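Nothing in this text is a laboratory measurement; each read-out follows from the coordinates by a stated rule. Predicted, not measured: the structure shown is a model, and the values here were computed from it. Here the Cβ positions follow ideal geometry from the backbone for every residue, glycine too, while neighbour counts run over all protein chains shown.
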């Protein structure tokens, strides 16, 4: 059984990485897309948020109709991978307009709702013990997938941005195929035979679920806004310090290191538990939020290292919150629980991304990231008050 679980986890990790590379595929080449469409920088916030909004609507639909708990997770993953890849590929069609761009990114986000939380559900069907460690690898794969388009874009000419879209589209299709043919339903899967439209509401009456969920929401306020505006931070630093840091390369490194911290956090959780890993990560990332203005006045080495460490702190708690959520609910509701928490969490990212997008034209970019401290501070308070 252990060997089979390892084999399944390896496939899950690769497929999660391959499919979630779609997440920032459009964002990594946003400058090229804006040049092609003639759209200005004001479209940036909308493109960033359209993926999140699509994911939110998708998770809401999936959670309300209990799709993952009623149907085979592997089949759901496969179908959504193909449809998300199709939306991504559509960016290469001629005469790309603003509405086509936003719709394609929205569609990609919608079908990612059948990939990211579903991958975690599949893992929970195979792991009764050690789920925190397994989810550390799995969420790490998501983070690596998120960073991949930035790495790819850094090594190709700007006019060849289609390579990013073609590569990520192929990867998503491959990931979906591998899950469908090589990952059967897990031994701990307990499907729901009936539709319970109020299941998501009822989950929040569970105190352990609520504690984990609210902690995750605080984490999400910071995470995607941090990722989305890290390129702006690097660009601002280059301007202030007259440096030439590579925006795409450094952004990719910062995000990728977050994947490493997910894995390390998962391993550590085996010794100290998911709660402590999540809490310590929230404390660390909140400190970096508050120190962020100082980084823009520091040397290139300190700025780069500081942002990289922040990139690790901001993600380490994510898989552990998912583990806490999964452990707090019965087996037949795990898929719905993970999906609704993702739905609300990503709804929160819309507000933080749009807030920073709006204020980036009003306040000095040096102080923009202070606003991200709100999330982890709320998360810390929630974890401590509900434990004590």
Subject >> Extension gain from residue 159 to residue 97, taking 0.36 nm per residue of separation minus the Cα-Cα distance >> reply: 20.5 nm
Original post:
What is the order of 181, 303, fewest Cβ neighbours within 10 Å to most?
Top reply: 181, 303
Subject >> Candidates 319, 73, 187, ranked by Gaussian network fluctuation over the chain, Cα under 10 Å, top entry >> reply: 187
**OP:** Stick to Cα atoms and the Kirkwood definition of Rh, then tell me Rg/Rh for the range 312-388.
**Re:** 1.06
Subject >> Convex hull projection area averaged over all views, the range 234-349, Cα basis, nm² >> reply: 8.2
**OP:** Return 271, 105 ranked ascending by Cβ neighbour count within 10 Å, so the fewest neighbours appear first.
**Re:** 271, 105
Original post:
So if R0 is 22 Å, what FRET efficiency would residue 190 and residue 10 give, r being the distance between their Cβ atoms, rounded to the nearest 0.05?
Top reply: 0.35
**OP:** State whether the range 180-306 is rounded, prolate or oblate according to the following rule on the C-alpha gyration tensor (a ≥ b ≥ c being the square roots of its eigenvalues): a/c under 1.5 gives rounded; otherwise a/b larger than b/c gives prolate, and the remaining case gives oblate.
**Re:** prolate
Original post:
Calculated from DSSP H runs of 4 or more alone, at -39500 (n - 2.57) each and per residue, what is the 222 nm mean residue ellipticity of the chain, nearest 500?
Top reply: -25500 deg cm²/dmol
Original post:
Taking a point 7 angstrom from the Cα of residue 75 along the C-beta vector, which residues in the range 96-123 have backbone N less than 17 Å away?
Top reply: 114-115, 118-119, 122
Original post:
Can you give the relative contact order of the chain as a percent, counting alpha carbon pairs under 8 Å and 6+ residues apart?
Top reply: 27
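In what order do 207, 357, 285 fall by count of nearby beta-carbon atoms within 10 Å, going from fewest to most?
Neighbour counts put them in this order, fewest first: 207, 357, 285.
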Subject >> Estimated FRET transfer efficiency (residue 182, residue 204; beta-carbon r; R0 30 Å; 0.05) >> reply: 0.25
**OP:** Decide, for the range 63-153, between rounded, prolate and oblate: order the square roots of the alpha carbon gyration tensor eigenvalues as a ≥ b ≥ c, take rounded if a/c falls under 1.5, and otherwise choose prolate if a/b is larger than b/c, else oblate.
**Re:** oblate
Subject >> Listed residues 226, 204, 288, most fluctuating in the chain (Gaussian network, C-alpha, under 10 Å) >> reply: 204
Original post:
What is the gain in length, in nm to one decimal, between residue 31 and residue 235 on full extension, counting 0.36 nm per residue of separation less the C-alpha to C-alpha distance?
Top reply: 72.1 nm
**OP:** Name the residue, out of 374, 156, 11, whose mean-square fluctuation peaks in a Gaussian network model built on the chain with Cα pairs under 10 Å.
**Re:** 156
Subject >> Computed FRET value (nearest 0.05) for residue 361 with residue 308, which takes r as the C-beta separation and R₀ as 25 Å >> reply: 0.35
Subject >> 41 Å tail of the calculated P(r), the chain, as % of Cα pairs >> reply: 8
